[in-house]
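J.: Structure below; questions to follow.
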Amino acid sequence: MKTYAYGYPRLGAHREYKRLIEGFWKQEVTELQLREGLDRLERERLRTYHQAVDLYPVGEMTFYDAMLDHGLMFGLVSDAVSDGLRVGRSWDAPVNLSAYYRLARGADAWEMTKWFNTNYHYLVPPVSPQVQFRLVWAKPLLARQQYQMGVPYVIGPYTFLTLSKGYSAANWPGLWTQLIPVYAELLLRCRQAGAGFVHVDEPALVGDVPPDHWPLIHQAYQQLASQAPILLMTYYDTPADWSLFFQLPVRGFGVDLVHGRGSVALHEQTVEELVAALQRQPLRAEQVLIVGVVNGRNVWKTELSVVANYVRQIQRATPAEVWISNAGPLSHLPVSLASEDKIPPALRQRLAFAQERLTELRLLRRLLDGAAAATADEDTLLRQWNDYTPELGSWRNPSVRQRLAALRDKDFSRDVPYESRDVLQRQRLRLPWFPTTTIGSFPQTEEVRRMRNAFKNGRISSDEYHRFIDGQIRHVVQVQEQLGLDVLVHGEFERSDMVEFFAEKLEGIALTQHGWILSYGTRVYRPPIIYGDVARPQPMTVREITFAQSLTQRPMKGMLTGPVTILAWSFARQDLPWREVAWQLGLALQDEVRDLEAAGISVIQIDEPAFRELAPIQRARWPAYFDWAVKAFRLASRAKPETQIHTHMCYSEFNEILPYIEQLDADVITIEATRSKGEVIQAFERHGYPRQIGPGVYDVHSPAVPPVESIVAIIRRVVQVIPAQRVWVNPDCGLKTRRWEEVLPALRNLVLAAQQLRREFQNGH
Ligand code: GLN
Ligand code: ZN
């Protein structure tokens, strides 16, 4: 029995990763300091692994993103650029850092998208049909040589290729056959350098692998396995076809039993399914089966004795060696519980972050190995691990449970269909054609952040803070009126984060102090922990929104974060199905909607940027997921017919989920459309859309000001598929990361474009 762990957070207990890299960007940290700093961080990380588990990867550390590194390793950048990225003697030396960061976030930046069903965003390697893959940088090998330990870490060819851009069903075989020899070379060099195993990450193998891909995957792994002993690691689900998976000729298989069968917790059925698979397709004694049994994506302690029994069951079912590991990379967890002293003790006792997961693996092995290797410390810890005090009374809220139990079909829909609502809303709102609006947030300046911190730290009174926020709202309302926007927003100055803000105000949700995780590059967020029944003790947004509305005759949008997004960007309890957690959130938001309506608000936006993210990896599980996700949104948005409900989502793969978006029954949807260059519009061309839509016409992720003509051009295109009376004009997303100097001219052009469109299209009517 061995323990294996992977994906330990690179952020550092004090967000050193972020500080170093951002310091370098600001020229406050020199290149040498950055390299030495990340090297120190990596040594620390490897030491943490080393103290707890038997084996772990080396080479996971990156200056920005592992997919970017793999793209560079395989020669995906033109010679002109890669001249600055030559191979060097250490894993971190090859890159000319300014060339590297230009690809990561500068002028030549690669596109960014979500990594499977997580909130981590990777850089998408651009693969063109003409590409010549070649090994220009052997990062895992060099990392292994530098640190003299660990299993070299490689993202597998199937995952790398299917996640890159330019990959398609038609060109797949060609790209695949070209890529495999490059991997073969890399693996061979790793073995020659003395690596006993190579960690090959292939989460894409648990997705919907087309049947005609499997023969080529088998062939390729035949070739790769002859170069080095491969630990083929999968996670986020279990393979749809276990037999095809276990037939791969590799030395070890890593499987994720926690998220097996699309689940979020370890269930007996998953273990049984694995055992059955091992009967059909037995592994050999010299092979290794690495079972992921401690959760890499959620923070609840593992029930060690229960899991130990599962592992024994698996051991009995196979002659292969069984190792235990985390299920899913630990990078989805905060680093450590150690400095969390504000979490209520009864909750804290139940939690495990990344470091505590390593402890769990150690304890689990102790349980499975028996007394042999035990220390007295371990024995005590083991006894205490799952010894909780009883739940706090507030974890269970009878009135929330009753309300949930009483839900009937009709509670999930609005009282009248869209067509009739539309008539009422048009009478009430009296908007022009091509109404203009923004997505919610306005620039969060240094001053806004400073004041929010001052308030949090008690340096200014709540009166003082609210006066400040009101001043910001007053200003942003004035600005929007002057610009001539039609539906206004209050700017979200009081919100640091769209999920955290609501989490702070809801019962049943706790916040951490240092529980940061990376969402991309150096960007971090702090997921709240949903531990009990969710209830709303008092209105959350009504004060700011009604104040904002009192300053203008134009409609002021209420602004809420949707139930699916709050769930997706939190760590959620596991003693209730997520469907119920989402519905509890939906009901709390519904109360907020009612209060906003009662205060005279006529337009309410419920953001759901994570609606797609939570969708299971395997399509077969989509209907079940979307059924409850759609219903959660519909609970939240159950407004009066004359209240116009907006929703907002920002990503480009709309094609496949359009039918579900339609089921949300929102009156207006605003979406990202500029960066994906028409792909979104094509999707709507194919499927149509029976309600109103605001395709983003201004890419808020770029400082560039969109010219009037480019805005008009996007809308002209949209109007070919969606009737002009149903089209809105708005940016892609919120403006909080932009500067006022960028926002003002962009919105000015947006309003000018709408005016031009009105002249162009309305004249004929
Ligand atoms: N209303 C939010 C904002 O404008 C939406 C953010 C998002 O979609 N991620 O900031
Ligand atoms: Zn957005």
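J.: Please determine, in degrees from 0 to 90 and to the nearest 10, the orientation of helix 16-25 with respect to the longest principal axis defined by the Cα atoms of the chain, where the helix direction is its Cα long axis.
T.: Helix 16-25 sits roughly 60 degrees off the main axis of the chain.
J.: Give the span of the stretch 486-534's Cα atoms along each principal axis, as three whole-Å numbers ordered largest to smallest.
T.: Projected onto the principal axes, the Cα atoms of the stretch 486-534 cover 40, 33, 13 Å.
J.: Further question on the same structure: Output the 0 to 90 degree angle, nearest 10, between the alpha-carbon long axis of helix 376-385 and the longest principal axis computed from the alpha carbons of the chain.
T.: 30
J.: Okay, next question. At a 10 angstrom cut-off on C-beta neighbours, averaged per residue, how do the peptides 128-135, 443-450 rank from highest to lowest? Could you put the intermediate results ahead of the total?
T.: Numbers: 128-135: 13.1, 443-450: 14.8.
With the highest mean Cβ count within 10 Å placed first, the list reads 443-450, 128-135.
J.: Quick check on packing: order 658-670, 738-750 by the mean number of other C-beta atoms within 10 Å, highest mean leading.
T.: Values: 658-670: 20.8, 738-750: 17.5.
Result, highest mean first: 658-670, 738-750.
J.: When all C-alpha to C-alpha distances in the chain are sorted into bins of 10 Å, what percent of pairs does each bin hold, rounded to whole numbers?
T.: Spelled out per bin, shortest first, that is 2, 13, 23, 25, 20, 12, 4, 0, 0.
J.: Let me ask something else. With a cap of 12 neighbouring Cβ atoms within 10 Å, and only residues DSSP puts in a loop, list the trypsin sites (Lys or Arg not before Pro) found in the stretch 195-298. Kindly include the intermediate steps, with their values, before the conclusion.
T.: Details: sites: R251, R261, R280, R284, R297; in loops: R251, R284, R297.
Sparse-neighbourhood loop trypsin sites (Lys or Arg not before Pro): R284.
J.: Now a separate question. Please give the per residue volume of the convex hull enclosing the alpha carbon atoms of the stretch 642-765, rounded to a whole number of Å³.
T.: Values: hull volume 13.8 nm³, N = 124.
It is 111 Å³ per residue.
J.: Right, something else. Please list 167-177, 713-723, 47-57, 138-148 highest first by mean number of surrounding beta-carbon atoms within 10 Å per residue. Display every interim value, and only then the final one.
T.: Working: 167-177: 13.5, 713-723: 16.5, 47-57: 19.3, 138-148: 21.5.
Result, highest mean first: 138-148, 47-57, 713-723, 167-177.
J.: Could I ask something else about it? Helix 172-192 versus the longest principal axis of the chain: what is the Cα-based angle in degrees, 0 to 90, to the nearest 10?
T.: Around 50 degrees separate the two axes.
J.: So for the chain, taking the charge dipole from beta-carbon charges (+1 Lys/Arg, -1 Asp/Glu), which of F245, L364, T438 sits furthest toward the positive end?
T.: Positive-most Cα among the choices belongs to T438.
J.: Right, next: Using the Karplus curve 6.51 cos²θ - 1.76 cosθ + 1.60 with θ = phi - 60°, what ³J(HN,Hα) values do you get for each residue of the stretch 319-333, in whole Hz, with x for Gly and Pro?
T.: x, 5, 6, 10, 10, 10, 8, 6, 9, x, x, 5, 5, 7, 10
J.: Rounded if a/c is under 1.5, else prolate if a/b beats b/c, else oblate: with a ≥ b ≥ c from the C-alpha gyration tensor eigenvalues square-rooted, which is the stretch 166-252?
T.: Details: a/c = 2.01, a/b = 1.29, b/c = 1.57.
Oblate shape, in that a/c is at least 1.5 and b/c is the bigger or equal ratio.
J.: With +1 on each Lys and Arg Cβ and -1 on each Asp and Glu Cβ, and nothing else charged, work out how big the dipole of the stretch 274-418 is about its Cα centre, in Debye to the nearest 20.
T.: I would put it at about 520 debye.
J.: A further question follows. If you average the sequence gap of Cα pairs under 8 Å that are 6 or more apart and divide by the length of the chain, what percent do you get for the contact order? Don't skip to the answer; put the middle values down first.
T.: Values: 1410 pairs, mean separation 84.2, N = 765.
Result for the chain is 11 percent.
J.: How big is the antiparallel share of DSSP beta bridges in the chain, given as a percent to the nearest 5?
T.: DSSP beta bridges in the chain are roughly 15 percent antiparallel.
J.: If you don't mind, another one. For the chain, give the percent of accessible area contributed by carbon and sulfur heavy atoms, probe 1.4 Å, rounded to a whole number. Don't skip to the end; give the middle numbers.
T.: Numbers: 14180 of 29080 Å².
That share works out to 49 percent.
J.: Right, here's the next one. With a sphere of radius 13 Å drawn around the Cβ of R459, what net charge do the other residues whose Cβ falls strictly inside it have (Lys, Arg +1; Asp, Glu -1)? Write down the numbers at each step before the final one.
T.: Values: positive: R450, R452, K456; negative: E464.
Spelling it out: positives minus negatives among the neighbours equals +2.
J.: Across the stretch 237-250, in residue order, what do the Karplus-derived ³J(HN,Hα) couplings come to in whole Hz, using 6.51 cos²θ - 1.76 cosθ + 1.60 with θ = phi - 60° and x for Gly and Pro?
T.: Going residue by residue, I get 5, 9, x, 5, 10, 4, 5, 4, 5, 5, 6, 4, x, 9 Hz, with x marking Gly and Pro.
J.: By the scheme Lys and Arg +1, Asp and Glu -1, what is the net charge of all other residues having a beta-carbon under 10 Å from that of E653? Let's see the in-between values first.
T.: Numbers: positive: K114, R612; negative: E656, E679.
Net local charge, E653 excluded: 0.
J.: Right, another one. If amide hydrogens are placed 1.01 Å from N in the peptide plane, which non-local residues have theirs closer than 5 Å to the one on T561?
T.: Amide H neighbours of T561, under 5 Å, 5+ apart: D607.
J.: Could you give me D for the stretch 360-451, from Stokes-Einstein at 4 °C and 1.567 mPa s, where the hydrodynamic radius is the Kirkwood radius over C-alpha pairs? Units µm² s⁻¹, please.
T.: On the way: Rh = 21.4 Å.
Roughly 61 µm²/s, to the nearest whole number.
J.: What residues qualify as long-range amide H neighbours of G440, i.e. H under 5 Å apart, gap of 5 or more or another chain, H built at 1.01 Å from N?
T.: L735
J.: May I ask you to evaluate 6.51 cos²θ - 1.76 cosθ + 1.60, the Karplus curve with θ = phi - 60°, for each residue of the stretch 659-673 and list the ³J(HN,Hα) values in order in whole Hz, giving x for glycine and proline?
T.: x, 6, 5, 4, 5, 4, 6, 6, 6, 9, 10, 10, 9, 6, 9
J.: Oh, and also: Per DSSP helix of 4 or more residues, -39500 (n - 2.57); summed, then divided by the residues of the chain. What does that give at 222 nm, rounded to the nearest 500? Could you put the intermediate results ahead of the total?
T.: Working: 28 runs with 323 residues, N = 765.
The per-residue figure over the chain is -13000 deg cm²/dmol.
J.: Work out Dmax and Rg for the stretch 99-204 from the C-alpha atoms and quote the Rg first, both in angstrom.
T.: Gyration radius and largest Cα-Cα distance of the stretch 99-204: 14.9, 42 Å.
J.: Still on this structure, please answer the following. When Lys and Arg each count +1 and Asp and Glu each count -1, what net charge do the other residues less than 9 Å away from T3, Cβ to Cβ, add up to?
T.: Working: positive: K2, R362, R365; negative: D54.
Counting the neighbours of T3, the net charge comes to +2.
J.: Same structure, new question: Sticking to Cα atoms, compute the Rg of the stretch 602-712 to one decimal and its Dmax as the biggest Cα-Cα distance, whole number, in Å.
T.: Final numbers for Rg and Dmax: 14.7, 44 Å.
J.: Using Cα pairs closer than 8 Å and at least 6 residues apart in sequence, work out the relative contact order for the stretch 165-235, in percent. List each step's numbers first, then the result.
T.: Values: 53 pairs, mean separation 32.6, N = 71.
It rounds to 46 percent for the stretch 165-235.
J.: Enter the accessible area per residue of the stretch 310-386 (Å², integer; probe 1.4 Å; all protein chains in place). Kindly include the intermediate steps, with their values, before the conclusion.
T.: Numbers: 3150 Å² over 77 residues.
Per residue, the stretch 310-386 has an accessible area of 41 Å².
J.: Given a cut-off of 28 Å, what percent of all Cα-Cα pairs of the stretch 424-580 lie beyond it?
T.: Values: 3781 of 12246 pairs.
Within the stretch 424-580, distances greater than 28 Å cover 31 percent of Cα pairs.
J.: Give the dimensionless ratio obtained when the Cα radius of gyration of the stretch 212-260 is divided by 2.2 N^0.38 Å. Please list the in-between numbers first.
T.: Details: Rg = 11.1 Å, N = 49, 2.2 N^0.38 = 9.7 Å.
Cα-based Rg divided by the globular estimate yields 1.15.
J.: Based on the alpha-carbon set only, what is the convex hull volume of the stretch 217-359 divided per residue, in Å³?
T.: Dividing the Cα hull volume of the stretch 217-359 by its residue count gives 112 Å³.
J.: Continuing with this model, one more query. Enumerate by residue number the trypsin sites (Lys or Arg not before Pro) in the stretch 451-525 meeting two conditions: DSSP loop (anything except H, G, I, E, B), and at most 15 other Cβ atoms within 10 Å of the site's Cβ.
T.: Those satisfying the criteria are R459.
The values are calculated or read from the model by the stated rules, or taken from the named source; none is laboratory data. Keep in mind that this is a model prediction, so the values were computed, not measured. Using ideal geometry, Cβ is built from the backbone for each residue, glycine included, and neighbour counts are taken over all protein chains shown. Ligands, DNA and RNA are stripped out before the accessible areas are found, and what is left, the full protein with its side chains, is counted by its heavy atoms. Shrake-Rupley method; radii C 1.70, N 1.55, O 1.52, S 1.80 Å.
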